[in-house]
1. Using label points projected 7 Å from each Cα along Cα→Cβ, tell me how many nm separate Asn408 and Thr47, to one decimal.
2. Per DSSP H run of at least 4 residues, take -39500 (n - 2.57); add these up for the chain, divide by its residues and hand me the 222 nm value, nearest 500 deg cm²/dmol.
3. In 10 Å bins starting at 0, how do the alpha-carbon pair distances of segment 363-520 split up by percent?
4. With each label point set 7 Å from Cα along the Cα-Cβ vector, what nm distance links Ser483 and Ala259?
5. What distance in nm separates the two pseudo spin-label positions at Thr312 and Ser524, each 7 Å out from Cα along the beta-carbon direction?
6. Aspartates and glutamates within cross-link reach of Lys545: Cα-Cα under 16 Å, excluding same-chain residues under 8 positions apart?
7. Relative contact order (percent) for the chain, with alpha-carbon contacts under 8 angstrom and 6 or more residues of separation?
8. Tell me the angle of helix 242-258 to the major Cα principal axis of the chain, expressed in degrees between 0 and 90 and rounded to the nearest ten.
Amino acid sequence: MTICRTLLVSSLVLALAACGGGGSGATLIGTVSSGYGASTDTGDLGTQAYTKLSGYTAAGDTLVHLFEWKWTDVAQECAWLGQHGYKGVQISPPNEHLIDAASGYPWWQRYQSVSYKLDKSRSGTLDEFKSMINACKAAGVEIYADVILNHTTGVNYASGVGSAGSTFSAYTTPNYVQTDYHPPCDMDYTKKNSMRLCYLSGLRDLDTSSTKVRQTLANYLISLNALGVTGFRVDAAKHISSVDLDAVFAQVNQAATNAGRAVPYAFLEVQDDGIITGPTYYAVGQSSGGAVDITAFVSTGVGYDFNKGPITADTSSGEGSFPTGWGSTAFASEKAVSFIANHDTERNSGAPYYGDGVTYRLAYVFLMGNGYGYTSVMSSYAFNKSSQTNFGPPSDGAGNTTSIFDSNGTNTGCKTSQWIQSNNLSYGNWVCQHRDPWMTAMVQFRHDVAGAPLGTSTYQNQGKGFIAESRGALGFFMINTLSTPATATFKSGLPAGTYCDLISGGLANGGGSCAGTSVVVDASGNVTATNLAAQTPVAITVKTKL
Ligand code: LM2
Ligand code: CA
């Protein structure tokens with residue numbers, strides 16, 4: 001039970017996901033024989049001051065994680081994404097991955113790399129991949145690839161054939177031999193070295209201190225960057241020393257510079273547990289001109305608060321700050337990629353996910369309204385949280401993912417409005433939370449208020465469950481989290497006037513009227529909402545003034 005128990009106690013999302021993904025919890029690693037690579041932790045860069053920012057938070061950008069989407073569908077969706085202001089797409093790992101038919105082609109096959117070939121993955125072929133990059137680029141949307149640099153396949157797979165037809169036998173793969181790996185050991189989440197050197201969920205752990213491994217990983221990232229992938233989500237970054245990652249990115253950034261390309265962006269998955277911290281990774285790639293952000297799991301706390309029911313804590317009466325534990329986050333907003341759910345947390349029992357319906361939607365509105373980090377919107381397919389957490393994307397019996405766009409080029413797969421209306425989508429449907437009009441309203445809100453201070457210090461709850469934040473002179477939003485209509489008055493920093501609520505449609509008729517609700521800001525900057533419907537947000541900005 002060592003692995004799962006440790007992980008549960010420390011509530012490490014990755015570990016929970018690994019355990020929840022079918023791990024028996026038994027000790028995975030047997031006797032260690034010789035023939036492996038070095039077992040040394042090369043240490044950390046230290047908590048270095050950052051000198052360069054990615055700039056996405058400052059610009060008020062939002063990205064969408066199109067989890068398990070096919071390349072052909074991402075390509076078509078990019079036009080819509082560009083029109084609605086999404087800055088980038090996080091795609092599923094594009095390289096050759098494990099195929100596990102016996103387990104029913106689980107989604108997590110793709111977190112087990114067989115090779116770095118891009119020829120064929122569950123999302124499609126290399127030609128489709130290239131077309132997608134070009135289509136998204138034309139739409140002004142960046143592509144960020146989820147990259148697995150920490151490990152290859154699990155020790156429970158003695159051999160196999162990958163998605164592009166390559167064979168592997170234990171440690172022997174198209175890229176590696178046994179000496180390229182750390183010796184096997186069970187991970188102890190209370191020890192830093194163990195987290196770096198041992199096997200995460202029994203996955204064969206690469207010796208990232210080795211020159212060959214660093215070069216191999218760098219070559220993979222360079223190949224993606226050369227095709228037009230401009231960013232990376234680095235999976236399990238916490239389990240790789242920041243010194244090792246820095247060495248990889250030094251090569252990637254140098255290659256980009258040599259070829260006349262912009263240095264790529266990266267956001268690193270480091271769930272800060274106090275033993276290995278996010279700021280330890282701030283400087284990865286910095287000496288070679290790069291700027292990285294860190295995925296901020298702390299923002300998921302917002303979702304927990306909304307799921308508990310009306311937000312009744314009132315900072316003015318000392319009932320505690322909201323969101324719980326979030327105001328003092330270890331991550332600076334400008335170094336964070338923030339989210340309410342990612343593909344791991346939405347499968348974690350108890351973690352907020354799309355199936356929570358309106359409270360989940362409100363939590364995203366709050367996070368985006370507040371302005372913390374470069375927001376990532378999770379876009380999922382439906383599944384039953386108690387019995388289908390391993391299920392891969394909607395597909396045919398042979399594991400081929402179903403298309404979201406039909407042969408006429410119409411998006412018929414996204415069931416966003418059904419989700420909003422009934423929240424009872426079953427497996428086989430794509431939820432497409434990113435198409436929720438509340439999300440797209442807040443994508444615009446974030447852009448409109450870019451540069452304003454975070455809303456954290458202007459949090460107001462005079463209405464006891466009816467909350468608001470001011471974004472200074474640029475914007476304001478409020479949310480009635482109660483299950484009944486409510487009335488309240490809040491402070492905004494906006495000039496007096498009548499504004500159109502973005503949530504209910506924003507400006508209409510070329511700016512002459514509001515598509516939905518209009519909101520009056522009085523001469524003192526006060527906003528009074530009278531009988532705002534239950535569980536409803538309102539968001540206005542200087543750009544929505546009549
Ligand atoms: C991550 N970030 O650090 C990913 O976000 C997370 O989704 C990955 O776990 C994890 N790290 C490794 O890349 C997922 C999934 C696990 C799954 C692994 C590998 O949550 O359940 O583990 O991918 O596919 C699976 C089995 C597990 C088995 C392991 C090794 O569920 O029982 O352990 O493969 O074969 C013996
Ligand atoms: Ca490692």
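Taken together, the values in this text are just the output of simple stated rules run on the coordinates, not laboratory data. Predicted model, so just to flag it, every value in this text is computed and none were measured. Don't worry about glycine lacking a Cβ; one is built from the backbone with ideal geometry, like all the others, and counts go over all protein chains shown.
1. In this crude spin-label approximation the distance works out to 5.8 nm.
2. Estimated from H runs of four or more residues: -7000 deg cm²/dmol.
3. Using 10 Å bins, I get a P(r) of 9, 30, 31, 19, 10, 1, 0 for segment 363-520.
4. 5.6 nm
5. Modelled inter-label distance: 2.8 nm.
6. Lys545 reaches Asp448, Asp501, Asp522.
7. 14 percent
8. 80 degrees
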